[in-house]
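Engineer: So that we are looking at the same thing, I have put the structure below in structure tokens.
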């Protein structure tokens, strides 16, 4: 393949959950600008619709609002994609939640909410979309599942976000497990483990300790949208066709150089 085409995702169909803000929006925008036909989902319909309209000014983007906290919602979203597409080349499982509280006060509901959305939803949605992923998959150009983990699933976080860090470690292991199971169907499954990026989830942390967090990185900064779009395009393109079961930290070296 010519090098000029190695990183192309033009013409591919992608679904990005949690695609209306933060990491998900960075990836969705990157795909749209690179010529993919992109569907985004998020819990707030009006926000999802507005962002899809904005992205549609530079490419193809469709809003499919969904709250993926239950298996039925995952099944319903897969059905809505299937009503519009015969095949799905790329699934990005990004929708997520976090919770922080002192250990003495950390409620059971925090584990229920975070594990339901961060771990169970990627599994149920991937399973529900298997027919479309298999329809897109070929030996030379597999279908791709990209799970969004976190460096908090690799290292112990500073904040008391017990259910979040546990959920992201689970996402990394789920990624490996699915990669082994789905590989014979020509579906790759990889995880991206972001470090600090500007997002609603990170906003308060960056407000309080943004300078210190940037200095903790060997590269001396927090992540930028292109950093996240770039790794997602790599994994979704021919360049990443032989990569599966990997967890790729995108953190400027914070978790990997200690």
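The values are calculated or read from the model by the stated rules, or taken from the named source; none is laboratory data. Keep in mind that what you see is a predicted model, and the values were worked out from it rather than measured. Glycine gets a Cβ as well: all are built from the backbone with ideal geometry, and neighbour counts include every protein chain shown.
Engineer: Quick check, is residue 111 in contact with a helix residue (DSSP H, G or I) (Cβ under 6 Å, 6 or more places away or on another chain), part of a helix (DSSP H, G or I) and either surrounded by 19 or more Cβ atoms within 10 Å (Cβ to Cβ) or at negative phi (or both)? Spell out how you get there, then give the answer.
Structural biologist: Details: in contact with a helix residue (DSSP H, G or I) (Cβ under 6 Å, 6 or more places away or on another chain): yes; part of a helix (DSSP H, G or I): yes; either surrounded by 19 or more Cβ atoms within 10 Å (Cβ to Cβ) or at negative phi (or both): yes.
Against the criterion (in contact with a helix residue (DSSP H, G or I) (Cβ under 6 Å, 6 or more places away or on another chain), part of a helix (DSSP H, G or I) and either surrounded by 19 or more Cβ atoms within 10 Å (Cβ to Cβ) or at negative phi (or both)), residue 111 qualifies.
Engineer: Would you confirm, using the coordinates I've provided, whether residue 135 is surrounded by fewer than 20 Cβ atoms within 10 Å (Cβ to Cβ) and either in a helix (DSSP H, G or I) or touching a residue at least 40 places away in the same chain (Cβ under 8 Å) (or both)?
Structural biologist: Working: surrounded by fewer than 20 Cβ atoms within 10 Å (Cβ to Cβ): yes; either in a helix (DSSP H, G or I) or touching a residue at least 40 places away in the same chain (Cβ under 8 Å) (or both): yes.
Judged against the criteria, residue 135 is a match.
Engineer: Another one. Considering only the range 141-169, how many residues are over 14 Å from residue 12 (Cβ atoms), part of a loop (DSSP other than H, G, I, E, B) and touching a helix residue (DSSP H, G or I) at 6+ places or on another chain (Cβ under 9 Å)? Can you show your working first?
Structural biologist: Residues of the range 141-169 that are over 14 Å from residue 12 (Cβ atoms), as a first pass: 147-169.
Among the residues that remain, those that are also part of a loop (DSSP other than H, G, I, E, B) are: 149-150, 154-161.
Remaining after also requiring touching a helix residue (DSSP H, G or I) at 6+ places or on another chain (Cβ under 9 Å): 149-150, 154-159, 161.
Looking only at that region, the number is 9.
Engineer: State whether one or more residues within the range 27-35 are touching a residue at least 12 places away in the same chain (Cβ under 8 Å), touching a strand residue (DSSP E or B) at 6+ places or on another chain (Cβ under 9 Å) and more than 25 Å from residue 250 (Cβ to Cβ).
Structural biologist: Scanning the range 27-35, I find no residue that is touching a residue at least 12 places away in the same chain (Cβ under 8 Å), touching a strand residue (DSSP E or B) at 6+ places or on another chain (Cβ under 9 Å) and more than 25 Å from residue 250 (Cβ to Cβ), so the answer is no.
Engineer: Continuing with this model, one more query. From the list 172, 177, which residue is over 23 Å from residue 228 (Cβ atoms) and not in a strand (DSSP E or B)? Break it down stepwise before answering.
Structural biologist: Details: 172 fails: over 23 Å from residue 228 (Cβ atoms).
Result of the check over 172, 177: 177.
Engineer: Another question about this same structure. In the range 232-247, which residues are surrounded by 21 or more Cβ atoms within 10 Å (Cβ to Cβ) and part of a helix (DSSP H, G or I)?
Structural biologist: Hits for the range 232-247 are 232, 233, 235, 236, 240.
Engineer: Would you confirm whether or not the range 149-157 contains a residue that is within 19 Å of the chain's Cα centre (by Cα), surrounded by 18 or more Cβ atoms within 10 Å (Cβ to Cβ), more than 21 Å from residue 252 (Cβ to Cβ) and at pLDDT 95 or above?
Structural biologist: Checking the range 149-157: not a single residue is within 19 Å of the chain's Cα centre (by Cα), surrounded by 18 or more Cβ atoms within 10 Å (Cβ to Cβ), more than 21 Å from residue 252 (Cβ to Cβ) and at pLDDT 95 or above.
Engineer: Is there a residue in the range 235-245 that is in contact (Cβ under 8 Å) with a residue 12 or more places away in the chain and within 22 Å of residue 101 (Cβ to Cβ)?
Structural biologist: There is no residue in the range 235-245 that is in contact (Cβ under 8 Å) with a residue 12 or more places away in the chain and within 22 Å of residue 101 (Cβ to Cβ).
Engineer: Looking at 211, 251, 226, can you tell me which residue is touching a strand residue (DSSP E or B) at 6+ places or on another chain (Cβ under 9 Å) and either closer than 28 Å to residue 103 by Cα or surrounded by fewer than 21 Cβ atoms within 10 Å (Cβ to Cβ) (or both)? Reasoning before the result, please.
Structural biologist: On the way: 211 fails: touching a strand residue (DSSP E or B) at 6+ places or on another chain (Cβ under 9 Å); 226 fails: touching a strand residue (DSSP E or B) at 6+ places or on another chain (Cβ under 9 Å).
After ruling out the rest, the residue left standing is 251.
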